[in-house]
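What follows is one structure encoded as structure tokens, with my remarks underneath.
What follows draws every value from the coordinates through simple rules; no lab data is involved. As the structure is a computational prediction, the values presented were derived from the model and not from experiment. Here the Cβ is made from the backbone with ideal geometry for all residues, glycine too, and neighbour counts use every protein chain on show.
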Amino acid sequence: MEGTRGATEEDAVLVSGATGFVGARLLARLVADGRRVAAVVRPGSDRTALEAAGVAIVVDDGTAEGLARAVAEIRPTTVFHLAAKFTAIHATADVDGLIEANVAFGARLAEAASRAGTTRFVTAGTSWQVDEAGAERANSLYAATKAAFEAILGHYAANEGMRALSLRLYDTWGPGDTRRKLLPLLLSARASGAHLGLSPGDQRLDLVHVDDVVEGFLAAEARLTAAPAGTFERFALRSGRAVSVKELVAILEQVSGRPMPVAFGERPYRVGEVMAPSPGEILPGWRARIGLEEGLAALIGGDACSTAKR
């Protein structure tokens, strides 16, 4: 579907997390579509790439008043909120950072957007907020902070008239992913031949290509355009196809035509390991279009071409 339906070139769009894996891909798409784009950053952040792309900069000074003044100058009609701090298993030293990044900053941004007259607010949640049976139960402090911000965003919808939507993300992947997540680690091991020790590998993943995720954010914006004031919804961006880690390795071997240098069972499952993806309701009108085998073949082929050129 056309994700930008209902939006115009004159609409200002504000993106948080614009230098992250998904956020950067979304921002590039918005710029390519001719949208008027701004990015919210922390003081001292590297803005070189954003400024080169012609993106306006909004600085979060750590205060609600300061951010509200900065956002008021942009007057965005849509906010895409993707900034987050992630840790699967937190230490005590992580608590303050998780609360600041995933709750306090989000609350400042929602307040600023509300005061600036923003009508659409799309945030990135996580599938880890929901258990395998579909119950709302966070499996980690990270997921709990995501759930806490959803409650705050619900306030701005119910009491301030904002239209808001939370997209629960599953396992995102695609070109340019430098995060220390399973698939980039597998691809790195495949390219280098370095040994990679894995868990027993029976946990199942729902892998969604980053370009499909971007389409999901645009589809969410379009949905909110047609929604009544006060709308607050939660949907999943999942492919509906769950593969185990063992199956993923087998797919990589099939696509690349050579064995993977991995060993199952060298590491235990981590505390709170998600063994099966949660069955969240998929965003209406959206579906994942890039298949795992197709996307991996393109990714591996691109890597091979890049290596040959060096």
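Summary table below
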item	result
Helix-derived mean residue ellipticity, 222 nm - over the chain, DSSP H n ≥ 4, -39500 (n - 2.57), to 500	-12000 deg cm²/dmol
Distance from region 195-268 to region 145-192 (C-alpha centre basis), Å	11
Packing-based exposure ordering (other Cβ within 10 Å, fewest first) of Met260, Met162	Met260, Met162
Average Cα contact separation per residue, region 176-303, under 8 Å, 6 or more apart, as relative contact order %	42
Average Cα contact separation per residue, region 111-255, under 8 Å, 6 or more apart, as relative contact order %	31
Computed over the chain, Kirkwood Rh from alpha-carbon pairs, angstrom	20.3
Rounded to 10°, Cα long-axis angle of helix 245-256 versus longest principal axis of the chain	80
Nearby aspartates and glutamates by direct alpha-carbon distance to Lys85 (threshold 15 angstrom, same-chain neighbours under 8 apart not counted)	Asp94, Asp96, Glu100
Proximal charge balance of Ala68 [Cβ under 9 Å; K/R count +1, D/E count -1]	+1
Dipole of region 147-239 [Lys/Arg +1, Asp/Glu -1 at C-beta], most positive-end residue of Ala222, Leu182, His209	Leu182
Unit charges on C-beta of K, R, D, E only; dipole of the chain, Debye	380
Cβ-placed point charges (K, R +1; D, E -1), dipole of region 36-107 about Cα centre in debye, nearest 20	280
Relative contact order computed over the chain (Cα-Cα under 8 Å; 6+ residues apart), in percent	19
Angle between the chain longest axis and helix 21-32 axis [Cα atoms, degrees, rounded to 10]	60
